[in-house]
Amino acid sequence: MNPLLTTGLDTHRGFTSLSVNVNLVAQIRNRRPLDFPSVTRMATLALEAGAHGITIHPRPDQRHVRTHDVHELAELMKHWPQAEFNIEGNPLQNLMGLLRELAAKGQAPQQCTFVPDDESQPTSDHGWCFPQDAAQLAPLIAEAKSLGIRVSLFMDPQPEAMSEARQVGADRVELYTESYARAHGTPDEPAVRAAFAATAEAALREGLGINAGHDLNRANLADFLRGVRGVQEVSIGHALISDTLELGMTETVRAYLRCIHEATA
């Protein structure tokens with residue numbers, strides 16, 4: 001069995017997987033009525049360079065990856081059984097329909113990440129709130145899991161919310177790391193990182209797997225992983241694709257993998 005394709009209930013293996021978010025590639029392409037840069041080509045380069053997975057966030061307004069990208073990437077990932085496909089989105093918008101379509105074709109992603117963004121947000125900026133969101137999330141989590149998809153919830157660093165995330169049926173949480181990125185290198189960093197560490201500890205106690213993402217980059221990634229125990233996967237898009245403009249996709253992926261290895265050495 002592919003060791004990256006897990007239920008989220010297993011213990012952390014001591015190594016963090018890198019999932020490359022290719023949304024920004026689609027945003028660049030979408031500026032013109034052209035078919036380049038190719039989202040699938042950049043995803044292929046990332047996987048060839050050693051990335052452990054591909055992440056996308058298809059929004060209802062199609063301003064990032066579009067519906068055809070979702071299906072093309074699902075087809076691509078069939079040729080990379082050792083890698084993981086993660087689709088993020090709001091399950092109250094278009095995400096569930098896409099998951100149902102892919103599952104019907106036998107191409108369900110290994111993971112979906114439920115994110116509570118609305119259509120007016122330029123990017124995700126907060127996690128789910130409990131108990132307010134529990135009732136609407138529970139049946140959607142159950143449906144995604146019935147399709148054979150692991151469910152991760154996008155969450156703020158709040159230790160007290162981890163038991164509720166588990167109770168509602170989540171397999172993992174993705175820690176929303178923008179506050180850490182803002183604090184990195186400032187006097188606030190130790191306290192902010194401690195909040196993430198406490199949240200990770202609470203998640204582990206509940207049997208949840210831990211992902212992390214949003215504004216992680218080459219400068220702050222290793223410090224985060226050293227300070228926050230048990231992170232199984234980081235999903236990185238904006239910074240990684242920005243670095244790709246300078247370094248190329250292959251060297252950029254290798255640079256982020258070096259950060260991960262540095263943190264776990």
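Can you confirm whether region 115-138 contains a residue that is assigned to a helix (DSSP H, G or I) and under 26 Å from Ile260 (Cβ atoms)?
No; the residues of region 115-138 include none that is assigned to a helix (DSSP H, G or I) and under 26 Å from Ile260 (Cβ atoms).
Six or more apart or on different chains, Cβ atoms under 6 Å: show the pairs whose first residue is in region 47-65 and surrounded by 14 or more Cβ atoms within 10 Å (Cβ to Cβ) and whose second is basic (Lys, Arg).
Ala49/Arg254
I'm checking my understanding of the structure. Among residues of region 161-196 that are more than 12 Å from Phe224 (Cβ to Cβ), of a type in the set (Val, Ile, Thr) and touching a residue at least 12 places away in the same chain (Cβ under 8 Å), which one is surrounded by the most Cβ atoms within 10 Å (Cβ to Cβ)?
Looking at the filtered set, the residue picked out is Val173.
State all residues of region 29-57 that are at pLDDT 95 or above, more than 22 Å from Ile149 (Cα to Cα) and aliphatic (A, V, I, L, M); if no residue qualifies, say none.
Selection gives Val39, Met42, Leu45, Ala46, Ala49.
Please determine whether any residue of region 153-168 is in a loop (DSSP other than H, G, I, E, B), closer than 26 Å to Asn94 by Cβ and of a type outside the set (D, E, K, R). Lay out the reasoning, then the answer.
Quick first cut of region 153-168, residues in a loop (DSSP other than H, G, I, E, B) only: 156-158, 168.
Keeping just the survivors that are closer than 26 Å to Asn94 by Cβ gives 156, 168.
Next cut, of a type outside the set (D, E, K, R) only: 168.
Yes, region 153-168 contains at least one residue that is in a loop (DSSP other than H, G, I, E, B), closer than 26 Å to Asn94 by Cβ and of a type outside the set (D, E, K, R).
Check region 137-156 and report whether any residue there is at pLDDT 95 or above, more than 27 Å from Leu98 (Cβ to Cβ), crowded, with 22+ Cβ neighbours inside 10 Å and among the hydrophobic types (A, V, I, L, M, F, W, C).
Kept after step one, since they are at pLDDT 95 or above, are these residues of region 137-156: 137-156.
Filter again for more than 27 Å from Leu98 (Cβ to Cβ), leaving none.
No, because not a single residue in region 137-156 is at pLDDT 95 or above, more than 27 Å from Leu98 (Cβ to Cβ), crowded, with 22+ Cβ neighbours inside 10 Å and among the hydrophobic types (A, V, I, L, M, F, W, C).
Can you find a residue in region 87-94 that is assigned to a helix (DSSP H, G or I) and either modelled with pLDDT of 95 or more or more than 17 Å from the chain's Cα centre (by Cα) (or both)? Before the answer, list the steps.
Within region 87-94, the first condition is being assigned to a helix (DSSP H, G or I), and the residues that meet it are none.
Taking every residue of region 87-94 in turn, none turns out to be assigned to a helix (DSSP H, G or I) and either modelled with pLDDT of 95 or more or more than 17 Å from the chain's Cα centre (by Cα) (or both).
Please go through region 203-219 and give me each residue that is under 23 Å from Val115 (Cα atoms) and either of a type outside the set (D, E, K, R) or buried (at least 24 other Cβ atoms within 10 Å of the Cβ) (or both), ordered by number.
Ala203, Leu204, Gly207, Leu208, Gly209, Ile210, Asn211, Ala212, Gly213, His214, Leu216, Asn217
Suppose the filter is at pLDDT 95 or above and more than 20 Å from Gly237 (Cα to Cα); does Leu99 pass it?
Working: at pLDDT 95 or above: yes; more than 20 Å from Gly237 (Cα to Cα): yes.
So Leu99 passes the test.
The values are calculated or read from the model by the stated rules, or taken from the named source; none is laboratory data. Not measured: the values here are computed from a predicted model. All Cβ positions, even for glycine, are placed from backbone atoms using ideal geometry, and neighbour counts span all protein chains on display.
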